[in-house]
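Just below is one structure, and these are the notes that go with it.
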Amino acid sequence: MKQLTILLFLLNFAFNNLYCQEVFAHQQQRHKFNKYLITNNLINKVSKKKFEKGYEYEGKYLGQFITKNDKKFYIINSSYVNLQSLHSDNQIFVYNAKKEFVGYYNVATDYQLPIKLVKNILFFKLDNCINKVKLKNGLPKLICTGCNNEVDCIELQ
């Protein structure tokens, strides 16, 4: 019984280690893809890249903004799409002037991603409502958008 417990522990450890390495590789590939969009200045163009069989990244570089303290940031809509189920993980990624990852906002669906960035204002379109988030003061810890008395908030991670 003791040998079985040790064997199960080792198998669990090995599986978790492999899973963590896979997740790390996925995150690294996603950042590399996002930085490619920034470096090539592919503003407002939806770009796609297959990551592995049945999965792809979809990214849209919205542009850059500069805060009143002269800090520069880049904003990218990013989705990791399962092509078989059409399920996607959707985030708004933020990078600093050195193209280093700063954080992300997680959204439930791709319809909740912003549609454009103009003059330090991030625009969201939900149903028939346009929401504006001013970025001149920096990255908000919380972005709240909504329409018809329904509000949804996303937090900087």
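The values are calculated or read from the model by the stated rules, or taken from the named source; none is laboratory data. Computed from a prediction, not measured in an experiment: that's the story for all the values here. All Cβ positions, even for glycine, are placed from backbone atoms using ideal geometry, and neighbour counts span all protein chains on display. Side chains included, ligands, DNA and RNA excluded: accessible areas come from the protein's heavy atoms. Shrake-Rupley method; radii C 1.70, N 1.55, O 1.52, S 1.80 Å.
I need the full set of residues from region 104-121 which are under 15 Å from the mean Cα position of the chain (by Cα) and not in a strand (DSSP E or B), in order please.
Across region 104-121, the qualifying residues are A108, T109, D110, Y111, Q112, L113, P114, I115.
Taking Y95, is it at negative phi and either modelled with pLDDT of 90 or more or within 12 Å of the chain's Cα centre (by Cα) (or both)?
Judged against the criteria, Y95 is a match.
Can you find even one residue in region 75-89 that is over 18 Å from I154 (Cα atoms) and modelled with pLDDT of 95 or more?
no
Quick one: is Y36 open to solvent by 80 Å² or more (accessible area, probe 1.4 Å) and modelled with pLDDT of 90 or more?
So Y36 fits the description; yes.
Give the number of residues within region 111-145 that are in contact with an Asp or Glu (Cβ under 9 Å, 6 or more places away or on another chain) and surrounded by 15 or more Cβ atoms within 10 Å (Cβ to Cβ).
Final tally of qualifying residues: 4.
From the list F93, F101, which residue is of a type outside the set (D, E, K, R), open to solvent by 70 Å² or more (accessible area, probe 1.4 Å) and under 25 Å from N41 (Cα atoms)?
Residue meeting the stated conditions: F101.
Take the conditions over 19 Å from K35 (Cα atoms), touching a Ser or Thr at 6+ places or on another chain (Cβ under 9 Å) and assigned to a strand (DSSP E or B) and apply them to F124. Does it pass?
Values: over 19 Å from K35 (Cα atoms): yes; touching a Ser or Thr at 6+ places or on another chain (Cβ under 9 Å): yes; assigned to a strand (DSSP E or B): yes.
So F124 fits the description; yes.
Go through (1) over 22 Å from C153 (Cα atoms); (2) touching a residue at least 24 places away in the same chain (Cβ under 8 Å) and name the single condition Y105 misses.
(1)
Does region 46-68 hold any residues that are surrounded by fewer than 12 Cβ atoms within 10 Å (Cβ to Cβ) and within 22 Å of K134 (Cα to Cα), and which are they?
K68
Are any residues in region 127-153 assigned to a strand (DSSP E or B) and more than 20 Å from V94 (Cα to Cα), and if so, which ones?
Once the filter is applied, which keeps residues that are assigned to a strand (DSSP E or B) and more than 20 Å from V94 (Cα to Cα), region 127-153 yields C129, I130, G146, C147, E150, V151.
Being touching a residue at least 40 places away in the same chain (Cβ under 8 Å) and either of a type in the set (A, V, I, L, M) or touching a helix residue (DSSP H, G or I) at 6+ places or on another chain (Cβ under 6 Å) (or both) narrows it down to one of L62, L86, L42, so name that one.
Details: L86 fails: touching a residue at least 40 places away in the same chain (Cβ under 8 Å); L42 fails: touching a residue at least 40 places away in the same chain (Cβ under 8 Å).
Unique residue meeting the criteria: L62.
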